[in-house]
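Structure first, commentary second.
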Amino acid sequence: MPDECVFCRIAQRQLPVELLYEDAEFVAFNDANPMAPVHVLVIPKTHFASLLDAADSGLVGRGLLAVTETARSLKLDASGFRVVVNCGADGGQTVPHLHFHLMGGRYMQWPPG
Ligand code: 5GP
Ligand code: ZN
């Protein structure tokens, strides 16, 4: 868990960020630069640089369950939502700590661009 990783610092409660969801392995919080009315990041407390580094399929699956749990708690289950994992340069990943974007509150265009 690199000291300089902002998402590790959020997960370890070293930064004053409101958590929308927390379990033993994951936390969720609002994206600082939201691209939708609801734009939440769900991250593992353990540092993985990207989806490519998260070789534990169980952890990845539980991460998606944390996303759906967060979506339900935010009342997105009726209207629907989008889950995005950007990976690497072409994927548009800017923070090198695995995170699931949970986006909702408006219709999501496809393709995303
Ligand atoms: P990526 O581009 O890596 O898929 O997504 C990174 C996301 O993290 C971006 O949507 C960006 O707005 C968000 N972000 C970056 N730094 C911070 C931060 O310090 N706090 C919060 N809440 N979000 C951040
Ligand atoms: Zn990290």
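The values are calculated or read from the model by the stated rules, or taken from the named source; none is laboratory data. These numbers come from a predicted model, not from an experiment. Every residue, glycine as well, gets a Cβ built from its backbone with ideal geometry; the counts of neighbours run over all protein chains shown. Calculation scope for accessible area: heavy atoms of the full protein, side chains included, ligands and nucleic acids excluded. Shrake-Rupley method; radii C 1.70, N 1.55, O 1.52, S 1.80 Å.
Calculate, in nm to one decimal, what residue 33 and residue 110 gain on full extension: separation in residues at 0.36 nm each, minus their alpha carbon distance.
25.7 nm
Where in region 10-77 are there GluC sites (Glu not before Pro) that are in a DSSP coil and have at most 10 other Cβ atoms within 10 angstrom of their Cβ?
When the GluC sites (Glu not before Pro) of region 10-77 are filtered for loop state and at most 10 Cβ neighbours within 10 Å, 18 remain.
Once the piece of chain linking residue 94 and residue 60 is laid out straight, how much longer is it, given 0.36 nm per residue of separation minus the C-alpha distance between them?
10.3 nm
May I ask you to list the trypsin sites (Lys or Arg not before Pro) in region 31-88 that are in a DSSP loop and have at most 11 other Cβ atoms within 10 Å of their Cβ?
Counting only loop positions with at most 11 other Cβ atoms within 10 Å, the trypsin sites (Lys or Arg not before Pro) in region 31-88 are 75.
How big is the Kirkwood radius of the chain, worked out from every pair of different alpha carbons and given in Å to one decimal?
14.3
Roll a 1.4 angstrom probe over the protein heavy atoms and tell me the percent of accessible area of the chain that is carbon or sulfur.
Of the solvent-accessible surface of the chain, carbon and sulfur hold 56 percent.
Give the peptides 102-109, 52-59 in descending order of average Cβ contacts within 10 Å, highest first.
Taking the mean over residues of other Cβ atoms within 10 Å, the ranking is 102-109, 52-59.
In the chain, which cysteines lack any other cysteine Cβ under 4.7 Å from their own?
Those would be 87, since no other cysteine Cβ in the chain comes under 4.7 Å of theirs.
If you take the beta carbon distance between residue 72 and residue 12 as r and set R0 to 30 Å, what does 1/(1 + (r/R0)^6) give as a FRET efficiency, to the nearest 0.05?
Using R0 = 30 Å, I get an efficiency of 0.70.
What is the distance in Å between the Cα centres of region 81-105 and region 3-27?
Region 81-105 and region 3-27 have Cα centres separated by 17 Å.
Report the charge-dipole magnitude of region 6-104 in Debye, nearest 20, computed about the Cα centre from +1 at each Lys and Arg Cβ and -1 at each Asp and Glu Cβ.
140
Of 97, 40, 8, which is farthest on the positive side of the dipole of the chain, counting Cα position, with +1 on Lys and Arg Cβ, -1 on Asp and Glu Cβ, and the Cα centre as origin?
Result: 40, furthest along the dipole toward the positive end.
Pairs of Cα atoms under 8 Å, at least six residues apart: use those to get the relative contact order of the chain, whole percent.
Once divided by the residue count of the chain, the mean separation gives 29 percent.
What does the accessible area per residue of region 6-104 come to in Å², with a 1.4 Å probe and no ligands, DNA or RNA counted?
Roughly 52 Å² per residue, with all protein chains present.
Based on DSSP H runs of at least 4 residues, each adding -39500 (n - 2.57), what is the mean residue ellipticity at 222 nm of the chain after dividing by all its residues, to the nearest 500 deg cm²/dmol?
-6500 deg cm²/dmol
Please give me, ordered by residue number, the chymotrypsin sites (Phe, Trp or Tyr not before Pro) of region 11-55 that lie in loop per DSSP and have at most 16 other Cβ atoms within 10 Å.
Here no chymotrypsin sites (Phe, Trp or Tyr not before Pro) fit, given the DSSP loop and packing criteria.
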